[in-house]
Each structure stands twice: as C-alpha cells, then as structure tokens.
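Everything below concerns the one structure shown next.
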Amino acid sequence: MKKIISSAIFLSFLIASCGSKEKTTNEIPKVEVIPVKLASLQVLNSNEEIHVSGQFTTDDETYLSFLSGGVIQKLFVREGDKVQKGQLLATLDLTLVKATVSQAKLGLEKSKRDLERAKNLQKEGFATLEQMQNAQTAVDVAEEQLQSALFNLKYAEIRAVSNGFILRKMANQGQLVSSGTPVFQTNGAGSSSFKLKVGVSDRQWSQIKIGDEAEIESDVFRNQTVKAVVSRKSESIDPFSGTFTVELELKGKAPQGLASGVFGKAIIHLSETSENWKIPYEALLDGNADEGYVFISNDKKTVKKVAVKIDNLNQNVVEVSEGLEGYKFVIVSGGPYLNENSTISVK
C-alpha cells in the first residue's frame, strides 16, 4: 500500500514538472521599444564663433608704488578720483627716512676727516699709500650712501604720472608697505584705447588669430553692438583663472560711459573655417568641460553611446569636433531612458 501511494506522488510531481517546463518554453520574451526623436548628422564647414566675456581695461593702466618701504603717512585720493600729472597722491612717514639721511651725512663727514688724516700721515711717512687709498674709497662709499638716502627721501611719496583716474586703492593709511608694493592703480583720461580682456580655453586660444573680428555688447552701450578686433593673445596661462587671456581692442571711439572694470560680452568670428557637427543641446548627455556623450543610430532600430569632443556651445546648439565620424543619426529626445541594448522606434 505504501509503494502505491509513493508511486502516485512521484507521478503527480513528474506531470507537474513537465507542464511547468512546457509553459516556460512556450513563453516569448517581450522586448521594450523606446520611442525617440532623431536628428541627421552632417559635417559642416563653417566660420566658427566663440562666445566670451570679460572686463574692460585700457592700454595705459599703471600700478604706482613707493620706491622704498615704510609706513604710509597720508593718502590724498580715493578710488574714482580724477588726478592731474604730478599731483601728490600719497606720502610715507619720513621719520625713518630722515634718520637714514642724517646717518649718511655723518658717515660722509667722518670719512672725509679720516681721509685728511691719512693724507697728512702719508706725507710724514706714518701711513702707507694703501691706507690713504682705503680712506679715499670710504669717502666714495659714504657719498653714494648719502645720495641713496636723499633719493629715498625725495621719492618717499607717490605722484600721478599722467592725467587720469584712480581705479583701485590697494593700501591704507598707517599700513606698512615694502618697496614696490602697489598702492594705486591708475589709467589715462581719454587718451588711451579701451580693450576687453577675456579668458578662453586652450583649444579656443589655438583657434583665435590676431586680427579676428569681434562684436561686443555691454549694458553701458544702450543696446548697441561695438566692433572690435583681436589685438593680443597671452603666451602663458593665467595661474589664478586657469585660462588664456585674449584682448579685444575697440574700433573707433569708445562709447560714452565706458570705464575700466565694466563687464562685457563678445562674439569672436574666427577667420579660419572648421569642420564639425552641430547637434541640438538636448542630445548631449553627461557633459563635462569640453567632453560629453550622445546616443547615435545608423539603422533607426539600435543605439550606441559614444563620447564626443565639444568645440562650442551656442544657445541651443552644440558644436562637436570629434566622435561622430561614420554615424548617421543622433538621439535628440529619449536618451535618458536608453542603454547599449535598447531598441528604438522613431516618433
């Protein structure tokens, strides 16, 4: 009886297993099709534009400092003040400088007395020629020290080197400054040309040429666009900003109201043509600096994720220089839902 029951249980289990296997075998996996929007890829030859921004400056900006170090006694001007050539701007506390002059005068007087004594002793045979020459050398050194002290006394002040304006005040009254430490930044009064200093990446720097045309906009221009030209490119990177500096010099007379430090935006028109792809901004995924990723397709059914090199971002368009060779379409919408194994359908 036990054997019959065991056989029945085994037979039931076997039938259930066969039924389950047959059900699994007959199931067809369902493939999810993701609807996307495509854009055709074409290589374009164009005169590229580079969008930049920066601050206006002039070509005669000057940093003024004291020739010798000391404590600032008085500052006579403030930022924004108009100054005339030769105008006194600042002075040092002269106590230490005058003491140095007095010491130099006393040292010179002593050296002259020593020289006279050496000459008299040499005549009487009590001093050698070398001793007399050493005394003469001491007089010469003392005279130079006095001239140096008088020079420091004369220049223990800062005067304007030209007519202009005080752009920045970089020290305060009572502050101890060393020789050559900038105290004021000044510029000329209308006699110089304005320039827009902008920072660019290393790739943009290599594309920009001296003489390239540019258009500048600023809030002080009252909805006007000012023509400019690339006048200078820095030969080294700025360690503070991590960018190269390019100067755009205004053509013609500067607009009224323009001043150093005013913010401006510019479009630089490159003189050399370039080959690249222009894709919608929405197609770009995981953008980082000049690199990014996009999904592409050749058959409108399957997709592939590829890395691209970004040349420029212009409003809603991304200019790509590398990474799209040999591909026909780029995914514009639906990209966030895709992976390398996705199947797509075109909307």
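Any read-out appearing in this document is the output of simple, stated calculations on the displayed coordinates, not a laboratory observation. Computed from a prediction, not measured in an experiment: that's the story for all the values here. Positions of Cβ are generated from backbone atoms using ideal geometry, with glycine treated the same way; all protein chains shown enter the neighbour counts.
As a calculated quantity, the FRET efficiency between LEU129 and ASP60 at R0 = 56 Å, using C-beta atoms, amounts to about 0.50. As a calculated quantity, the FRET efficiency between SER193 and LEU96 at R0 = 41 Å, using C-beta atoms, amounts to about 0.45. Exposure proxy for MET132, MET170: other Cβ atoms within 10 Å of each Cβ, ordered fewest to most, give MET170, MET132. For the pair ASP238 and LYS305, the difference between a 0.36 nm per residue extended length and the Cα-Cα distance amounts to 20.6 nm. With K and R counted +1 and D and E -1, the other residues having a Cβ less than 14 Å from that of GLY252 yield a net charge of +1. Using a simple spin-label model with pseudo-atoms 7 Å out from Cα toward Cβ, LEU106 and GLU325 lie 8.1 nm apart. Residue separation of ALA39 and ASP290 scaled by 0.36 nm, minus their Cα-Cα distance, works out to 88.2 nm of gained length.
Please compute the length gained on full extension between LYS347 and SER206, using 0.36 nm multiplied by the number of residues separating them and subtracting their Cα-Cα distance. Mind showing how you got there, number by number?
Details: separation 141, 0.36 × 141 = 50.76 nm, distance 4.10 nm.
Here the answer is 46.7 nm.
Can you classify the stretch 176-253 as rounded, prolate or oblate using the Cα gyration tensor, where a ≥ b ≥ c are the square roots of its eigenvalues, rounded means a/c under 1.5, and otherwise it's prolate if a/b beats b/c and oblate if not? Judged from the Cα gyration tensor, the stretch 176-253 comes out oblate (a/c at least 1.5, b/c at or above a/b).
For the stretch 290-313, backbone nitrogen atoms closer than 18 Å to the point 7 Å from ASN339 Cα along Cα-to-C-beta are found at 294-296, 302-306.
For trypsin sites (Lys or Arg not before Pro), the sites in the stretch 173-217 that DSSP calls loop and that have at most 16 other Cβ atoms within 10 Å are LYS209.
For the cross-link pairs LYS209/LYS233; LYS37/LYS304; LYS37/LYS305; LYS85/LYS195, the ones whose C-alpha atoms lie over 18 Å apart are LYS85/LYS195.
Counting other Cβ atoms within 10 Å, keep those with at most 10, restrict to DSSP loop, and tell me which trypsin sites (Lys or Arg not before Pro) in the stretch 258-343 are left. Don't jump to the answer; show the numbers that get you there.
On the way: sites: LYS265, LYS278, LYS300, LYS301, LYS304, LYS305, LYS309, LYS328; in loops: LYS300, LYS301, LYS328.
Filter output for the stretch 258-343: empty list.
For the chain, the longest piece that avoids every one of the GluC sites (Glu not before Pro) found in DSSP loops with at most 14 other C-beta atoms within 10 Å covers 125-234. Within the chain, the longest run free of exposed loop sites, counting chymotrypsin sites (Phe, Trp or Tyr not before Pro) that sit outside DSSP helix and strand states (H, G, I, E, B) and have at most 11 other Cβ atoms within 10 Å, spans 1-125. The residues packed around LYS305, meaning those with a beta-carbon under 11 Å from its beta-carbon, carry a net charge of -1 if Lys and Arg are +1 and Asp and Glu are -1. Look at (1) 24.3; (2) 28.4; (3) 23.4: the one that is Kirkwood radius over Cα pairs in Å derived from this structure is (2).
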